[in-house]
Amino acid sequence: MKIDWDAFNAMFPNYYDHKTIMWSESKETDTGFDIKIVIPGFDKEDFNLYEENGVVQLSIKKSKDKTDVYDVLYDSEKYDLDKMSAEYKAGILKIKIPKQIAQKKSRREIGIS
């Protein structure tokens, strides 16, 4: 029996056509949250990193008509998103999100009249 692979592939589209192939590593440090994503074959203009409704998201433009969106960080309240930075170099996207610096409580004397 001969298998018609074209008919088979038409019934089950390739997963890789729908998602971007990448490997990622994330870790929380004393100073913030660091993410490293190995994703070769793109230009830095293909990435858009933004925060929406407390969720940090990364969109990756795969083609003129196709963009994938990934949630990067959900619990953004303890991080300083204004100081978030990202760098794409040699196929590796590095994202650094520093923790918010806690306001030091100070004691202030109030004069009594």
Any hit, segment 91-108, residues being part of a strand (DSSP E or B) and more than 22 Å from MET22 (Cβ to Cβ): yes
Any pair with Cβ under 9 angstrom, 6 or more apart, that starts in segment 80-109 at a residue that is among the acidic types (Asp, Glu) and ends at one that is surrounded by 13 or more Cβ atoms within 10 Å (Cβ to Cβ) and modelled with pLDDT under 90: ASP80/GLN100
Hits in segment 74-87 - residues which are touching a Leu at 6+ places or on another chain (Cβ under 9 Å) and part of a strand (DSSP E or B): TYR79, ALA86, GLU87
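Okay, residues lined up against (1) more than 22 Å from ILE97 (Cα to Cα); (2) at pLDDT below 85; (3) in a strand (DSSP E or B):
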residue: SER26; (1), (2), (3): no, no, yes
residue: PHE33; (1), (2), (3): no, no, yes
residue: GLU45; (1), (2), (3): no, no, no
residue: VAL56; (1), (2), (3): no, no, yes
residue: LYS64; (1), (2), (3): yes, yes, no
Qualifying residue in segment 56-64 (condition: in contact with a Lys or Arg (Cβ under 8 Å, 6 or more places away or on another chain) and more than 15 Å from SER24 (Cα to Cα)): no
Output for segment 64-90, where each listed residue is hydroxyl-bearing (Ser, Thr, Tyr) and over 17 Å from ILE21 (Cα atoms): TYR74, SER76, TYR79, SER85
From the options LYS44, LYS61, LYS36, residue that is touching a residue at least 12 places away in the same chain (Cβ under 8 Å), closer than 19 Å to ILE21 by Cα, touching an Asp or Glu at 6+ places or on another chain (Cβ under 9 Å) and surrounded by fewer than 13 Cβ atoms within 10 Å (Cβ to Cβ): LYS44
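The values are calculated or read from the model by the stated rules, or taken from the named source; none is laboratory data. These numbers come from a predicted model, not from an experiment. Backbone-built Cβ (ideal geometry, glycine too); neighbour counts: all protein chains shown.
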